[in-house]
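Each remark here refers to the structure printed beneath this line.
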Amino acid sequence: MSASIIDGKAAAQALRDRLAIEVSRIDAEHSWVPGLAVVLVGEDPASQVYVRNKGKQTAEAGMRSFEHKLPASTSERELLDLVESLNRDDAVNGILVQLPLPEHIDAQLVIETIDPAKDVDGFHPMNTGALSNGDPTALVPCTPLGCLMMLREQFPEGIAGLNAVVVGRSNIVGKPMAQLLIAESCTVTVAHSKTRDLPALCRTADILVAAVGRPEMVRGDWVKEGAVVIDVGINRVQLEGQEKARLVGDVAFAEAAERAKAITPVPGGVGPMTIACLLRNTVVAACRQHRVVCEL
Ligand code: NDP
């Protein structure tokens, strides 16, 4: 079998197009547009790129974008004060504090200070708790939400009853991914660094999600014939004799594509969907705050 390649860029563009239509409808009917505030502390180059892309795509969807760039020397108190002022600001419907934060700042405390109704990253314990309770109003972390949207596209007949294996149990990806798949009535196994015979476990998966952070760890013969493979990993590898680093996923793409029914590439798979889902969460959060129906 040769897998079809799941085009994350196209899926993200389609979602952003739907969002732009919804934003202009809200503007026409209610005379406001959703606003997203992104806070960046320090000069981490990767974070700077993410924040720039988020701001650009927010504006392109017709939404308001508020960027707060603070020096690495910002104190925890100063950051908490900013978050509290964004909580009070009616023009701001979503707040994202870019992680990682400098070591002297308690990231968990910052996350818990964000108003759960504006927590578009879905990391506040109120939202993680709501997700694990199967509460459909939970704001869900963007990366697993994007993965679920792409999975749904692959199974027009639905995913209930399928075996899903999620490799990785982080709070950002693995755990919320597993919760979402449980809510979809998949039979879910979460694997991690202590899992025994990971290849055999992966071969039971109709849906295989890899969120590990180890380049090409999941080999082709770990993949069940006809499985759908979602590769969340983003790993920068330096090849000998090549000047530029290359991005690879957690899955050995060419090998896995021999057996899978469909697979996400890296780059161009899960990554683009993550920002589109951030914008989607902002529109959903804004509609709830204004008590208007969201037609997404
Ligand atoms: P974490 O480092 O927080 O978690 C990695 C998980 O993988 C842990 O649960 C760990 O197990 C598990 N793991 C590590 N080694 C093995 C192994 N040998 N066998 C099985 N499991 C293992 O990473 P994240 O979840 O934050 O990110 C995972 C990947 O996804 C990274 O490459 C990251 O860059 C990427 N990512 C991509 C995003 C996107 O937008 N596309 C967004 C977020 C992340 P244990 O718990 O036992 O330590």
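The values are calculated or read from the model by the stated rules, or taken from the named source; none is laboratory data. It should be emphasised that the depicted structure is a prediction, and the values quoted were computed from it without experimental measurement. No Cβ is skipped: glycine too gets one built from the backbone with ideal geometry, and neighbour counts run over all protein chains shown.
Within region 127-175, the residues that satisfy the criterion of being hydrophobic (A, V, I, L, M, F, W, C), in a loop (DSSP other than H, G, I, E, B) and touching a helix residue (DSSP H, G or I) at 6+ places or on another chain (Cβ under 9 Å) are 138, 139, 140, 159, 162, 172, 173.
Please find, among 183, 178, 191, the residue that is in contact (Cβ under 8 Å) with a residue 12 or more places away in the chain, within 15 Å of the ligand (Cβ to nearest atom), out of contact with any helix residue (DSSP H, G or I) (no Cβ under 7 Å at 6 or more places or on another chain) and in the same structural domain as residue 206 (by TED's automatic domain parsing). Just one listed residue meets the conditions, 178. crowded, with 18+ Cβ neighbours inside 10 Å, in a loop (DSSP other than H, G, I, E, B), at negative phi and not assigned by TED's automatic domain parsing to the domain that holds residue 234: does that describe residue 101? Spelling it out, residue 101 is indeed crowded, with 18+ Cβ neighbours inside 10 Å, in a loop (DSSP other than H, G, I, E, B), at negative phi and not assigned by TED's automatic domain parsing to the domain that holds residue 234.
Being modelled with pLDDT under 95 and over 16 Å from residue 40 (Cα atoms) is the requirement here; does residue 143 meet it? Spell out the reasoning first.
On the way: modelled with pLDDT under 95: no; over 16 Å from residue 40 (Cα atoms): yes.
No; evaluated as a whole, the condition is false for this residue.
For region 49-84, the tally of residues that are under 20 Å from the mean Cα position of the chain (by Cα) and either free of Cβ contacts under 8 Å to residues at least 24 places away in the same chain or on the phi > 0 side of the Ramachandran plot (or both) stands at 5. Could you go through region 145-155 and let me know if any residue there is within 10 Å of the ligand (Cβ to nearest atom), farther than 21 Å from residue 278 by Cβ, in the same structural domain as residue 255 (by TED's automatic domain parsing) and buried (at least 16 other Cβ atoms within 10 Å of the Cβ). For region 145-155, residues within 10 Å of the ligand (Cβ to nearest atom), farther than 21 Å from residue 278 by Cβ, in the same structural domain as residue 255 (by TED's automatic domain parsing) and buried (at least 16 other Cβ atoms within 10 Å of the Cβ): absent.
With the condition being closer than 21 Å to residue 142 by Cα, I'd like the helices (runs of 4 or more DSSP H) fully within region 183-296 carrying at least 3 qualifying residues. Explain how you work it out, then say what you get.
Working: elements: 198-202, 253-259, 270-290.
Where helices (runs of 4 or more DSSP H) fall fully within region 183-296 and carry at least 3 residues being closer than 21 Å to residue 142 by Cα, they are 270-290.
As a summary of the residue check, residue 67 satisfies the conditions (1) under 17 Å from residue 119 (Cα atoms); (2) at pLDDT below 95 except for the one numbered (2).
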